Amino acid sequence: MAQPLFRAPVGTRDILAPESARRRRLVRVFADLAERSGFGLLESPVFEDVGVFQRLGEANDVVTKELFEFFDKGEPPRHLALRPELTAGVCRAFAEHRPVSPWKIWYSGPQFRYERPQAGRYRQFEQVGVETLGTDDPHADVEVISLGVRFYAALGLTRVRLLVNSLGDSDSRSAYDAALTGYLQSRRGELSEQSRVTLERNPLRVLDSKRPQDQPVIAEAPLMVDFLSGASAEHFASVRAGLDSLDAAYEISPRLVRGLDYYTRTTFEFVADALDTAQNAVGGGGRYDGLVEDLGGPPTPGIGFALGVDRILLACDAEGAFAGDPAPVQVFVVDTVGGQSAAVLCDWLRQAGLGADRAFDGRSMKAQMKRADRSGAVVAVIVGPDEQAQGTATVRDMRPGGDQHTVPTSELVAEVSRLIAAAQPRPAIPQHRRQDRD
Ligand code: HAM
């Protein structure tokens, strides 16, 4: 009976080499920048008590529609959810461990949201991010935001814009919410059906609508900046001055509303102009000065961001930035006399710190050479009956016009190292294009 053919669940993907290596390298670039800026790695669970995420907004889609929830096998069972983002878990960890403030952490890992999948929008996606808890110093905002700016630049992206806004503190917010709700109610009839529903649940999020019908209403809506309290306005001015002093270019975006409900004061988003507008947010963040307290901790201000790795790589592809890695395999051992020589020579080469690979299953010389070529190796080492009899190996330079010569196996590692040091690395062929089997 034919077995069912399983596929990766909708909204998830297998990421094969060499793309997977490129993603890991991107995370290393981020980690390096974050650690040089005093952020330490936090590894937190992929699932949490569902209550941790309910603080993201009781009327928010991320909580009401997109959580992957489940019950464990405990007695009684615990209600858990896969994390849709990391900030709430970080605040839970802060409340649990009470580390010394300011607590500066970075993270990377998969997040899960039951969204409608499309290009750049997945149900499992990866984020990198930082959070600084325990200070509301505007310099902390500037440090966080500029880290994001420098990261995109380090990848070679030139078409990422930074949008900033302030959502004010709770005093400014209640005055603004009242004004906004009054205004939107007065023009309710002109709004799309979806926005009329959003208006009942969370008026602020109406401003986030991309539907053309809503745009004239949104364009004339009152602006948060006009309702900021003195303290919030001063905080926002200091953040802007700090960004100016670092020459970090930004645009004030008075209608910028983030998709999660915990934000106060500074909010920001990074948009990639190389991507379609529907999925062009490659990162975002802001202050969440009440979240730790909401999760049972002491009053603790916080600021951070998360950047979407999947979308950043799409933006890199669109801009031709952050190209793939050179092939990790530098030398390929072709053995037509049973495979034992390949085992020994690969072991020597790997111990010498070189990237070495081989074929299996006693394939023909032609098939093994094809594999050698596809591996991206700059050197092929060939052991056939003659070489085996003489204790030698043939070393072939795989570059166009490269020659070949024979060396005693005792000199092989030195000879291969010499050739590799002199050669430019070659790219590996993506695994998903290796359809023909050899
Ligand atoms: P967020 O805006 O929900 O914020 O997500 C941050 C980034 O994750 C987005 O800009 C986008 O690049 C990426 N992203 C979100 N959803 C998806 C998806 N379904 N598929 C692919 N990429 C996606 C947060 O998550 C906050 N925790 C950020 C933060 C940190 N605020 C303060 N600290």
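Miscellaneous remarks
- Residue in the stretch 350-363 that is touching a Cys at 6+ places or on another chain (Cβ under 6 Å) and either in the same structural domain as Gln279 (by TED's automatic domain parsing) or over 30 Å from Ala274 (Cα atoms) (or both) present: yes
Residue by residue, here is whether (1) outside any strand (DSSP E or B); (2) farther than 15 Å from Leu163 by Cβ; (3) not aromatic (Phe, Trp, Tyr) holds:
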| site | (1), (2), (3) |
| --- | --- |
| Val257 | yes, no, yes |
| Phe268 | no, no, no |
| Val271 | no, no, yes |
| Gly284 | no, no, yes |
| Thr300 | yes, yes, yes |
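- Annotation: of all residues in the stretch 114-138 being of a type in the set (Asp, Glu) and open to solvent by 40 Å² or more (accessible area, probe 1.4 Å), the one that is farthest from the ligand (Cβ to nearest atom) is Asp137.
- Condition check for Gln111 on (1) more than 10 Å from the ligand (Cβ to nearest atom); (2) under 15 Å from the mean Cα position of the chain (by Cα); (3) not aliphatic (A, V, I, L, M): one failure, at (1).
- Of the listed requirements (1) in a loop (DSSP other than H, G, I, E, B); (2) aliphatic (A, V, I, L, M); (3) open to solvent by less than 60 Å² (accessible area, probe 1.4 Å), Ala249 misses just one: (3).
- Residues (touching a residue at least 24 places away in the same chain (Cβ under 8 Å) and assigned to a helix (DSSP H, G or I)) located in the stretch 316-352: Cys316, Ala318, Glu319, Ser341, Ala342, Leu345, Trp348, Leu349
- Candidate set from the stretch 139-157 (those that are charged (D, E, K, R) and crowded, with 19+ Cβ neighbours inside 10 Å); member that is nearest to the ligand (Cβ to nearest atom): Asp141
- Taking first residues from the stretch 357-383 that are over 19 Å from Thr409 (Cβ atoms) and partners that are open to solvent by 30 Å² or more (accessible area, probe 1.4 Å) and part of a strand (DSSP E or B), the Cβ contacts under 9 Å between residues at least 6 apart in sequence or on separate chains come to Met369/Arg396; Arg371/Asp357; Arg371/Arg358; Ser375/Asp357; Gly376/Pro326; Gly376/Pro427.
- Residues that are of a type in the set (S, T, N, Q) and part of a helix (DSSP H, G or I), drawn from the stretch 182-222: Gln185, Ser186, Gln194, Ser195, Thr198, Gln213, Gln215
- Test: Leu313 is within 16 Å of the ligand (Cβ to nearest atom), touching a residue at least 12 places away in the same chain (Cβ under 8 Å) and surrounded by 19 or more Cβ atoms within 10 Å (Cβ to Cβ): yes
- Residue check, Val292 outside any loop (DSSP other than H, G, I, E, B), open to solvent by less than 50 Å² (accessible area, probe 1.4 Å) and either outside the structural domain of Leu147 (by TED's automatic domain parsing) or closer than 30 Å to Arg24 by Cβ (or both): no
- Exclusive hit being more than 13 Å from the ligand (Cβ to nearest atom), open to solvent by less than 30 Å² (accessible area, probe 1.4 Å) and either within 30 Å of Val381 (Cα to Cα) or among the basic types (Lys, Arg) (or both), set Asp335, Asp325: Asp335
- The set of residues from the stretch 1-19 being loosely packed, with under 13 Cβ neighbours inside 10 Å and either within 19 Å of the chain's Cα centre (by Cα) or at pLDDT 95 or above (or both) comprises Phe6, Arg7, Ala8, Pro9, Val10, Asp14.
- Taken together, Phe94, Phe70 contain a single residue that is at pLDDT 95 or above and either within 13 Å of the ligand (Cβ to nearest atom) or buried (at least 20 other Cβ atoms within 10 Å of the Cβ) (or both), which is Phe94.
- Here Arg28 clears all of (1) in the same structural domain as Gly290 (by TED's automatic domain parsing); (2) open to solvent by less than 90 Å² (accessible area, probe 1.4 Å) except the condition numbered (2).
- Remark: pairs (first residue in the stretch 1-23, within 19 Å of Phe112 (Cβ to Cβ); second residue open to solvent by 70 Å² or more (accessible area, probe 1.4 Å); Cβ separation under 6 Å; 6+ apart in sequence or on different chains) = Ala8/Asp14; Thr12/Gln124.
- Of the set (1) touching a residue at least 12 places away in the same chain (Cβ under 8 Å); (2) within 23 Å of Gly259 (Cβ to Cβ); (3) among the polar types (S, T, N, Q), all apply to Ser101 but (2).
The rows are residues; the columns are (1) of a type outside the set (Asp, Glu); (2) in contact with a helix residue (DSSP H, G or I) (Cβ under 6 Å, 6 or more places away or on another chain).
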{"position": "Gly74", "(1), (2)": "yes, no"}
{"position": "Cys91", "(1), (2)": "yes, yes"}
{"position": "Tyr107", "(1), (2)": "yes, no"}
{"position": "Glu115", "(1), (2)": "no, no"}
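The values are calculated or read from the model by the stated rules, or taken from the named source; none is laboratory data. Keep in mind the model is a prediction, meaning the values are calculated, not measured. All Cβ positions, even for glycine, are placed from backbone atoms using ideal geometry, and neighbour counts span all protein chains on display. Surface areas here come from the heavy atoms of the whole protein model, side chains and all, with no ligands, DNA or RNA. Shrake-Rupley method; radii C 1.70, N 1.55, O 1.52, S 1.80 Å.
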